[in-house]
Every structure is written in structure tokens, then in C-alpha cells.
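One structure is given below, encoded as C-alpha cells.
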Amino acid sequence: MPRLHPPQKSAVLELLPFVGIAPADISVPHAEHELCAAWADLSAHSQIGFDTESRPTFVKGQESAGPDVVQFATPSRAYVLQLRHRGCVELARSVLTARGVIKVGFDLRQDQTQLLHRLGVQASPLLDLDRVFHREGYPRSIGIKSAVAIVFGQRFVKSKRVATTNWSNERLDARQVLYAANDAFVALRVLYALGLNSDELRDLVVGGAGFEPATPAV
């Protein structure tokens, strides 16, 4: 198979911006009724977008204590869970281990390691979209920005300044909430756009033994 290359950064900068999820469609649940509503929504879908955020480390050799935030997304709504809240921890564990829900994201190896350390669980069943693009001949870790450029011909804007903010803050600001939500939401949009059938999903999903994945609805 010929090796494929992601679009050059200069070419991506010329693309029209990708429109992600609207702030009005993002929830940051804390209260019990908010967490229950989030679980009802997330557990009703066979595929959801997924990612994590961690407070950055700036000292060489220092290990991250994260993740501090776990985010999930359905086709119409995103949920940003702050793990400083006990209820969010329990909801995150429930969603991450829900057998009927495939968690979909990009480059999730480190996320899985951190989740096991912080929560004692990992996401399963899991679909890392980097595997899909690598199978087609792209580098092993293509990343969400290159994937959006390839699939949609658009530019997904991710702020490095926001990425390196303190995700363990008691209250996340609006930029952090939108950044986290879109990482999960856009991953799900990419999955839908790829048009994988149930056999392809079965081959790519990790931790889904005995699980029959449904074909994503466009």
C-alpha cells in the first residue's frame, strides 16, 4: 500500500474553518439531575465521541496527575465532565465501561493509560480513528486536524494556548469548555463521514469481543 501524507500545514491554513458544536449544545454537569440526564443521553447511543484533557506538566520528568476532564459527545450534544466532582467520576466510569457504547476518538493510548491510573478503568469498547487512517496508508498518528482536512476539506481550529491551560481549575472558562467539547464532537463527526460498515467497525473496535457494532447513522 502506498504511503499517504497528511495535508501540509500551509495548505490547511487556506481551507475554510470547520464549524463544530455550538456552546448552547454543551453541558458541564455537576448536579445529580444533570448527571442522570447526561447518562440517559450518552447510554442511548451506540457510538459517542470521546477525549480527555489534563493539566499540563512543565517540569522534566514530572508525571501528569490527569486526566482532569473527560468529554463525551453525541451527534447533537457534548458533555464535559470535571473529575474533581465525585458524581462526574462515577458517570465517567459508567460511560467508559458501557458495553453497548463505542467510544470514538484520536490517539487515545495515553488517555487510556491515564484513565486506568486515575479512575481504575479504561474506555471499552474503543475505536481509535488513527487506526482507520493508518490502515489507509497514513502515519500511525494522524491527528484530528489532519483528519478533518482530509475528510471534510476544512480547517479544524485548535488553540495551543487553550490546550495548555489548567484543566484542574474549579471552574472551566468558556474557551476550555468549547475546546474540550469539540475534541469529542468532531471525532464522532469524522467517524460518520468515513462511512464504515459494521464489518469494518468490528475489525477496528478494541475491547468489543462479542459486541456487534451498529453502522453509524449519518
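Being among the charged types (D, E, K, R) and surrounded by fewer than 16 Cβ atoms within 10 Å (Cβ to Cβ) is the filter; apply it to segment 42-78 and report the residue that is modelled with the lowest pLDDT. Spell out how you get there, then give the answer.
First, pick out the residues of segment 42-78 that are among the charged types (D, E, K, R): 51, 53, 55, 60, 63, 68, 77.
Narrowing the set further to residues that are surrounded by fewer than 16 Cβ atoms within 10 Å (Cβ to Cβ) leaves 60, 63.
Working: Lys60: 61, Glu63: 64.
Residue satisfying both the conditions and the ranking: Lys60.
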Which numbered condition Gly100 misses (of (1) within 24 Å of Lys145 (Cβ to Cβ); (2) assigned to a loop (DSSP other than H, G, I, E, B)): (1)
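Any chance segment 144-159 includes a residue that's among the hydroxyl-bearing types (Ser, Thr, Tyr), surrounded by 19 or more Cβ atoms within 10 Å (Cβ to Cβ) and closer than 20 Å to Ala181 by Cα?
Restricting attention to segment 144-159, the residues satisfying the condition of being among the hydroxyl-bearing types (Ser, Thr, Tyr) are 146, 159.
From what is left, the residues that are surrounded by 19 or more Cβ atoms within 10 Å (Cβ to Cβ) are 146.
With the extra rule that they be closer than 20 Å to Ala181 by Cα, the set shrinks to 146.
The answer is yes; a qualifying residue exists.
Where in segment 106-218 are there helices (runs of 4 or more DSSP H), lying wholly inside it, with at least 2 residues that are among the aromatic types (Phe, Trp, Tyr) and at pLDDT 90 or above? Can you show your working first?
Numbers: elements: 109-119, 129-135, 144-152, 160-163, 174-194, 198-204.
The qualifying helices (runs of 4 or more DSSP H) are 174-194.
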Any pair with Cβ under 7 angstrom, 6 or more apart, that starts in segment 127-138 at a residue that is within 14 Å of Ala193 (Cβ to Cβ) and without any contact (Cβ under 8 Å) to a residue 12 or more places away in the chain and ends at one that is surrounded by fewer than 24 Cβ atoms within 10 Å (Cβ to Cβ) and β-branched (Val, Ile, Thr): none
Scan of segment 80-125 for residues that are touching a Phe, Trp or Tyr at 6+ places or on another chain (Cβ under 7 Å) and touching a residue at least 60 places away in the same chain (Cβ under 8 Å), ordered by number: Leu91, Arg99, Val104, Gly105, Ala123, Pro125
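Report yes if some residue within segment 121-131 is small (Gly, Ala, Ser), surrounded by fewer than 24 Cβ atoms within 10 Å (Cβ to Cβ) and farther than 15 Å from Leu204 by Cα; otherwise report no.
From segment 121-131, those small (Gly, Ala, Ser) are 123-124; that's our starting set.
Checking the rest, the ones that are also surrounded by fewer than 24 Cβ atoms within 10 Å (Cβ to Cβ) come to 124.
Among the residues that remain, those that are also farther than 15 Å from Leu204 by Cα are: none.
No, every residue in segment 121-131 fails to be small (Gly, Ala, Ser), surrounded by fewer than 24 Cβ atoms within 10 Å (Cβ to Cβ) and farther than 15 Å from Leu204 by Cα.
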Failed condition for Ala163, given (1) farther than 25 Å from Pro7 by Cα; (2) surrounded by fewer than 19 Cβ atoms within 10 Å (Cβ to Cβ); (3) of a type in the set (A, V, I, L, M): (1)
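Given the residues Leu81, Leu96, Leu16, which is the only one that is within 26 Å of Ser141 (Cβ to Cβ), loosely packed, with under 15 Cβ neighbours inside 10 Å and among the aliphatic types (A, V, I, L, M)? Walk me through it before giving the result.
Working: Leu81 fails: loosely packed, with under 15 Cβ neighbours inside 10 Å; Leu96 fails: loosely packed, with under 15 Cβ neighbours inside 10 Å.
The match here is Leu16.
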Sole exception among (1) within 22 Å of Val157 (Cβ to Cβ); (2) touching a strand residue (DSSP E or B) at 6+ places or on another chain (Cβ under 9 Å); (3) not small (Gly, Ala, Ser) for Gln82, by number: (1)
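Results for (1) of a type outside the set (Lys, Arg); (2) under 21 Å from Asp25 (Cα atoms), shown as yes or no for each residue.
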{"residue": "Ala123", "(1), (2)": "yes, no"}
{"residue": "Arg131", "(1), (2)": "no, no"}
{"residue": "Arg135", "(1), (2)": "no, no"}
{"residue": "Lys145", "(1), (2)": "no, no"}
{"residue": "Phe156", "(1), (2)": "yes, yes"}
{"residue": "Asp173", "(1), (2)": "yes, yes"}
{"residue": "Ala184", "(1), (2)": "yes, yes"}
{"residue": "Arg189", "(1), (2)": "no, yes"}
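The values are calculated or read from the model by the stated rules, or taken from the named source; none is laboratory data. Being a predicted model, the structure only gives us computed values, none of them experimental. Here the Cβ is made from the backbone with ideal geometry for all residues, glycine too, and neighbour counts use every protein chain on show.
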